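Bear in mind that the values in this text are calculations on the coordinates, not laboratory data. Note that the structure is a prediction, hence the values are computed from the model and not measured. Here the Cβ positions follow ideal geometry from the backbone for every residue, glycine too, while neighbour counts run over all protein chains shown.
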2 protein chains.
Amino acid sequence: MSLRHGILGLLAERPRSGYDLTRAFDSSLADVWPASHSQIYPELARLTADGLIEQVGEGPRGRKVFATTDAGDAEVVRWLRDDPPNRAVRDESLLRGFFLWLLPTDEARSQLETEAAWHRAEVARYEAVVADGSIDWTATPAARTQRIMIESGIRVRRALAEWAKWSVDRMEHDP
Amino acid sequence: MSLRHGILGLLAERPRSGYDLTRAFDSSLADVWPASHSQIYPELARLTADGLIEQVGEGPRGRKVFATTDAGDAEVVRWLRDDPPNRAVRDESLLRGFFLWLLPTDEARSQLETEAAWHRAEVARYEAVVADGSIDWTATPAARTQRIMIESGIRVRRALAEWAKWSVDRMEHDP
DNA sequence: GCCTCCATGTAATTGGTTACATGATTCT
DNA sequence: AGAATCATGTAACCAATTACATGGAGGC
């Protein structure tokens, strides 16, 4: 139940509304665990019913702000400590890769070049976030951790960009 | 509909049974698109009903061998050409990373060391497959493509192993 | 005779996506 | 006045996991 724990983890940092959570799952967490508001709002209701979070405030337009309860904080930590990570990863781009031999060589090559370009653009996007002067990545434990997680994104994308280029070169002299 | 196209792609290479497909989704494709037999058998029925595959043989223990039809072959190619890849990736290990600041530093460090070790072991596993003398990676277009896809696994895992080590070092002098 | 692997399927539940539905506030 | 953004929710559908269920063939 990763969505559940993702929400708990975000609320353990600071109180947020469903809308705030939706934006977090759509920006910083989008590359590891995307989630939409239609999933988040019902889960907030369940987490409240289970006593792991509670509403701690309200705002304009019916905004409801939630925070973790002590039980909720304990549950995230328990999850991190005791639940073994589910290492199943689903990546449609790479699945397609397995079947590229079904296309004419030049089309396959062109698709891999598109992949390389996409990953390079992602690296640039991450690097721009890191270089953003308005963020102090040493300010809090959460910020330091976030800096580390951005680094994982940079390195994975860079590896995939270089891999895609390597594949194109390899196909060049071995069609 | 990635499962559907994954099955079509595998059957485009050569005829297989549901059991064969299950093993493929559990070995070579496991790292990009895991799928279990309980998903595969109903999908084979749907693909048959849609005229994209057909049963071309049978074997002991009720084994049914399927192959793509011309329409099926055309559909995989159409998918590769026209459907933009869904780039949403879900990785629970990395999601957990975002919340490691909730653990005492030494526990967080130890978790990252476990990650590094796991990724290094995966790299070794892939490298053993590549080094397996009984496989000729230049024999067919499909084999050449598979070699390229294994390389993506090696490079991504290596990047993550090195990232995890980098994170531990970073936490060392900046707790 | 027993164990392992091969081989196929269904059912119940959970998780996730897409579409539907509504409305307040703020900015220009 | 109109557009963009903030803000919440539900419903229908599709995809995936886990559990249930069964049995044949081959090796030892």
**Prompt:** In a shell of Cβ-Cβ distance under 12 Å around B:S17, excluding B:S17 itself, what net charge do Lys and Arg (+1) and Asp and Glu (-1) give?
**Reply:** +4
**Prompt:** Given label points at 7 Å from Cα along Cα→Cβ, what nm distances, shortest first, separate B:M1 from the same residue in every other copy?
**Reply:** 3.3
**Fill in**
Classified through the alpha carbon gyration tensor (a ≥ b ≥ c as square roots of its eigenvalues; rounded if a/c is under 1.5, else prolate when a/b is larger than b/c, else oblate), region A:1-97 comes out oblate
**Complete:** Counting all Cα-Cα pairs in the protein assembly as shown, those more than 34 Å apart amount in percent to 35 percent
**Asked** Among A:G133, A:G57, A:G72, which one shows the biggest mean-square fluctuation in a GNM of chain A, springs joining Cα atoms closer than 10 Å?
**Response** A:G133
**Asked** Given the options B:A116, B:A49, B:A88, which has the most mean-square fluctuation in a GNM of chain B, springs set between C-alpha atoms less than 10 angstrom apart?
**Response** B:A88
**Helical mean residue ellipticity (222 nm; -39500 (n - 2.57) per DSSP H run of 4+; nearest 500) of chain A** = -21500 deg cm²/dmol
**Complete:** If one compares the long axis through the Cα atoms of helix A:2-13 with the longest principal axis of the Cα atoms of chain A, the angle in degrees, nearest 10, works out at 60 degrees
**Complete:** Among residues of chain B, the one whose beta-carbon sits nearest the axis that rotates B onto A, given with its distance in integer Å, is B:A159, 2
**Prompt:** Which shape class applies to region A:1-45: rounded if a/c is under 1.5, otherwise prolate when a/b exceeds b/c and oblate if not, where a ≥ b ≥ c are the square roots of the Cα gyration tensor eigenvalues?
**Reply:** rounded
**Message:** Please report the net charge: other residues with Cβ closer than 11 Å to the Cβ of B:A124, K and R +1, D and E -1.
**Reply:** +2
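Quick check: from the Cα gyration tensor, does chain B come out rounded (a/c under 1.5), prolate or oblate?
Prolate is the answer for chain B, as a/c is 1.5 or above and a/b outweighs b/c.
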**Item:** Position B:R61, label points 7 Å along Cα→Cβ, spacing to each other copy in nm (shortest first, one decimal)
**Value:** 5.8
**Prompt:** Can you give the angle from 0 to 90° between the axis of helix B:37-49 and the longest principal axis of chain B, with both taken from C-alpha atoms, to the nearest 10?
**Reply:** 40 degrees
**Message:** If you take each beta carbon of peptide A:146-158 and count the beta carbons of other chains within 10 angstrom, what is the mean?
**Reply:** 5
**Label spacing, shortest first and in nm, from B:H37 to its equivalents in the remaining copies (7 angstrom along Cα→Cβ)** = 4.4
**Mean Cα-pair separation over length for chain A, i.e. relative contact order, pairs under 8 Å, 6 or more apart, %** = 19 percent
**Complete:** With Rg from the Cα atoms and Rh as the Kirkwood inverse mean 1/r over Cα pairs, region B:58-140 has an Rg/Rh of 1.18
